[in-house]
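The values are calculated or read from the model by the stated rules, or taken from the named source; none is laboratory data. The shown structure was predicted, so the numbers you read here are calculated from the model rather than taken from an experiment. So basically every Cβ, Gly included, is an ideal-geometry build from the backbone, and we count neighbours across all protein chains shown.
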Amino acid sequence: MSFTLALVGRPNVGKSTLFNRLVGKRLALVDDQPGVTRDLREGEAKLGDLRFTVYDTAGLENVTDDSLQGRMRRLTERAVEMVDVCLFIIDARVGITPADEIFADILRRRAKHVILAANKAEGNAGQGGFLEAYSLGLGEPIRLSAEHGEGMDELYHVMRPLAATFDERAQTEAPETDVAIDEDSEADNTEGGEEIPEWVPTLKRPLQVAVIGLPNAGKSTLINQIIGEERLLTGPEAGITRDSISLPFTWNGTPMRLFDTAGMRRKARITDKLEKLSVADGLRAVKFAEVVVVLLDAAIPFETQDLRIADLAEREGRAVVIAVNKWDIEDDKQDKLKALLETFERTLPQLRGAPLITISAKTGRGMDRLHDAILRAHTIWNRRVATSRLNNWLSVMTEAHPPPAPGGRRVKLRYMTQAKTRPPGFVIKCSHPDELPKSYERYLVNGLRASFDMPGTPIRIYLRGQGDENPYKNRTKTQPSRLKKHKKPDH
């Protein structure tokens, strides 16, 4: 990316709509009500031949206290100072407001480069506001319609000269970065050993980690602690995070992309349309992740919704790490930890053996153990077992506990191989696959965990019938062919 661009302006002027258009995806939540965006959302934007990083920011409000709106404003002001270019967006249908004039003054003092855009300017309704934009003293405004894609050519021609300047700067300042990426990229698809593919996360293919949990469990605080800065909005209010925010970061030498998600309450309690969109965005982040950190509150761990969230990650086939937050305020830690482990084994048998880590996102306690647990879970998630070892193991398991014989016909397990990883999936060729009970499948899954060191990771078993049992089973009986006498044709 040659430069960075921040979309700033009052709430509900169309910043998120323009963000989605620039990145070519519906990443940011869009709704008619103001104040939907609260965190900085980052995306890789494309405009003609320009490639740059764009940030969607919270709406600027004239509040400077420690309220939620005040913290959102400070986060946006940090983005203004951090990026190369600020695109200041006003609502052409509303016109210039006193708040626009205040924020224009802030941008003049703090931003490196400012581009002024009048959004929602399609038709005659936005003509007056577009002309008023000249009074801000930020140069000639661009007439835009983010919803309909109007004005993108004009925006391109304004940004093109700036992009050329930043391209020259990038070539002189950071030539070494490309070399480091090229060296790491060679290890993307390498496999070493029979059981564990030595896939190494790189800057091009970072490890995808999503943090999920109930509202106010400390998800945003945890990610801020990992990256070492107040990048995400936090506070005592529950449900601050709305968008699923992804952040690239190298944690203890491991390139990762961290996903902060909205708190997931019970479906029956979600009535607000925006909260439904936030939860759906978080579920999409879980599907893209490789490792899911289920964050629990130490004061109220393993509530019914916590169990549903952990089960969701397992059903999606993701490697799971259980992290118990706010451990610094617990008094009787040993008894509490013992009770947690017992509850975990009892309520989540499908994740038996998954790591359970106690942490404090506020103080940073347990961060190294959490990092190691994530890498360990990801390694197991990628584990591969040789077919010969699997079949030897299968014969031992069936001798120790033979499969049942429903209706007097015993189910015979003849052959086993690993068909996939991420998560590990195994195919078993057997007779009467439909009649093997689920309890016997669980017996095999637990045996795989114990015998091949695969605790906690989701394991899939696929039963297939023997295709070569009787090749003539569905053929109709035919009479042997006989030679027929052919009469000579009459001439």
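Which one of these is in contact (Cβ under 8 Å) with a residue 60 or more places away in the chain, outside the structural domain of Leu258 (by TED's automatic domain parsing) and β-branched (Val, Ile, Thr): Thr421, Thr417? Being in contact (Cβ under 8 Å) with a residue 60 or more places away in the chain, outside the structural domain of Leu258 (by TED's automatic domain parsing) and β-branched (Val, Ile, Thr) holds for just one of Thr421, Thr417, which is Thr421.
Among the numbered conditions (1) aliphatic (A, V, I, L, M); (2) surrounded by 21 or more Cβ atoms within 10 Å (Cβ to Cβ); (3) assigned to a loop (DSSP other than H, G, I, E, B), the only one that Ala323 does not meet is (3).
When the range 17-42 is filtered for residues that are modelled with pLDDT under 90 and surrounded by 19 or more Cβ atoms within 10 Å (Cβ to Cβ), the ones remaining, listed by number, are Leu27, Ala28, Leu29, Val36, Thr37, Arg38, Asp39, Leu40, Arg41, Glu42. Inspect the range 392-415 for any residue being in contact with a Ser or Thr (Cβ under 9 Å, 6 or more places away or on another chain), in a helix (DSSP H, G or I) and closer than 28 Å to Trp199 by Cβ and give the result as yes or no. Yes, some residue in the range 392-415 is in contact with a Ser or Thr (Cβ under 9 Å, 6 or more places away or on another chain), in a helix (DSSP H, G or I) and closer than 28 Å to Trp199 by Cβ. Looking across Ser135, Ser145, one residue alone is hydroxyl-bearing (Ser, Thr, Tyr), at pLDDT 80 or above and either buried (at least 16 other Cβ atoms within 10 Å of the Cβ) or not assigned by TED's automatic domain parsing to the domain that holds Ile106 (or both). It is Ser145.
The rows are residues; the columns are (1) in contact with an Asp or Glu (Cβ under 8 Å, 6 or more places away or on another chain); (2) modelled with pLDDT of 50 or more; (3) among the charged types (D, E, K, R).
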site: Gly151; (1), (2), (3): no, yes, no
site: Glu154; (1), (2), (3): no, yes, yes
site: Val158; (1), (2), (3): no, yes, no
site: Ala163; (1), (2), (3): no, yes, no
site: Phe166; (1), (2), (3): yes, yes, no
site: Asp182; (1), (2), (3): no, no, yes
site: Glu186; (1), (2), (3): no, no, yes
site: Glu198; (1), (2), (3): yes, yes, yes
site: Thr202; (1), (2), (3): yes, yes, no
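A count restricted to the range 56-98 and to residues that are buried (at least 18 other Cβ atoms within 10 Å of the Cβ) and over 28 Å from the mean Cα position of the chain (by Cα) stands at 8.
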